[in-house]
Amino acid sequence: AAERDGADLPSASLPDLPDWDERTRLAHEKATLGFYVSGHPLESLSGLLDDFATHGTGALRDLASGTEASVGGIVTDFRKRKSKKGAWWGSFQLEDLEGHIEVLAFPKAFEQFQALLENDRAVLITGRVDADEGRVRLTADEIVSLDDLREKKAEAVQVRLDAADVDEELVTRLRLAVEAHRGEVSLYLEIVRPGDFRLVARAEPTLRVNPSRQLSAALESVVGPGRVRYRARALR
């Protein structure tokens, strides 16, 4: 027994698995512990929600019934239900950095957007506020994944430039970034001299762009982070 004191036993090895991405890690934290440990999944998307959301969940409680609102958040406690007429609909909680709100997706909206209705999915809900005797809910008319928000909801892209930085080199780099992401959405240039003036001008029609995460990265590599904004298209 002394001769086999562990020396000849096969050593256990763990598989070399890739690290979880941020979304997967946060989802497991919530599922296992009931709360997020390393940050809320919406924190890295706050700039995107500034562009496309009209309200946070907390602000919905101050709105009158029938008011249209767009709210971004994480789907939780999703439940698929069946009406007395046999039509499927869904209810869930939409959680953002302010709190959470109940959302109802009735049969028409449910049929159109049910592929997006799963727990831990980050979405933008556009719908109507339903306030009744202190209970506030949102009835969904449109649901868009935050991953697809720029492509599906952007009406225009606006790039902020400091007037002092505008020179031939910057304009050339900006044009190259735009030419690599041509599309059908108007591009606006916001030129600012702090304390002096602010000018917003639409770029020539040949410089229309395809809104995407890749476009944002390309433009921010030229003008710096936080200087690319999106104008949201109204619900149709």
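The values are calculated or read from the model by the stated rules, or taken from the named source; none is laboratory data. As the structure is a prediction and not an experimental result, all values here were calculated from the model. Please note: Cβ atoms are built from the backbone with ideal geometry, for glycine as well, and neighbour counts cover all protein chains shown. Side chains included, ligands, DNA and RNA excluded: accessible areas come from the protein's heavy atoms. Shrake-Rupley method; radii C 1.70, N 1.55, O 1.52, S 1.80 Å.
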>> I'd like the full set of residues that are in a loop (DSSP other than H, G, I, E, B), small (Gly, Ala, Ser) and either under 16 Å from ASP165 (Cβ atoms) or free of Cβ contacts under 8 Å to residues at least 60 places away in the same chain (or both), limited to segment 181-212.
In response: GLY195, ALA203
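Could you tell me whether segment 118-125 includes any residue that is surrounded by 14 or more Cβ atoms within 10 Å (Cβ to Cβ), in a strand (DSSP E or B), free of Cβ contacts under 8 Å to residues at least 60 places away in the same chain and in contact with a Lys or Arg (Cβ under 7 Å, 6 or more places away or on another chain)? Outline the logic, then answer.
Start the filter on segment 118-125 by keeping residues that are surrounded by 14 or more Cβ atoms within 10 Å (Cβ to Cβ), which leaves 119-125.
Filter again for in a strand (DSSP E or B), leaving 122-125.
Those left that are additionally free of Cβ contacts under 8 Å to residues at least 60 places away in the same chain: 123, 125.
Narrowing the set further to residues that are in contact with a Lys or Arg (Cβ under 7 Å, 6 or more places away or on another chain) leaves none.
No, segment 118-125 has no match at all.
Please work out which residue is least open to solvent (accessible area, probe 1.4 Å), limiting yourself to segment 141-179 and to residues that are of a type outside the set (A, V, I, L, M, F, W, C) and not in a helix (DSSP H, G or I).
Taking segment 141-179 and keeping what is of a type outside the set (A, V, I, L, M, F, W, C), we get 141-142, 145, 147-148, 150-153, 155, 158, 160, 162, 165, 167-169, 172-173, 175, 179.
Still in the list and also not in a helix (DSSP H, G or I): 141-142, 145, 155, 158, 160, 162, 167.
Values: ASP141: 68, GLU142: 40, SER145: 5, GLU155: 102, GLN158: 25, ARG160: 84, ASP162: 40, ASP167: 78 Å².
The residue in question is SER145.
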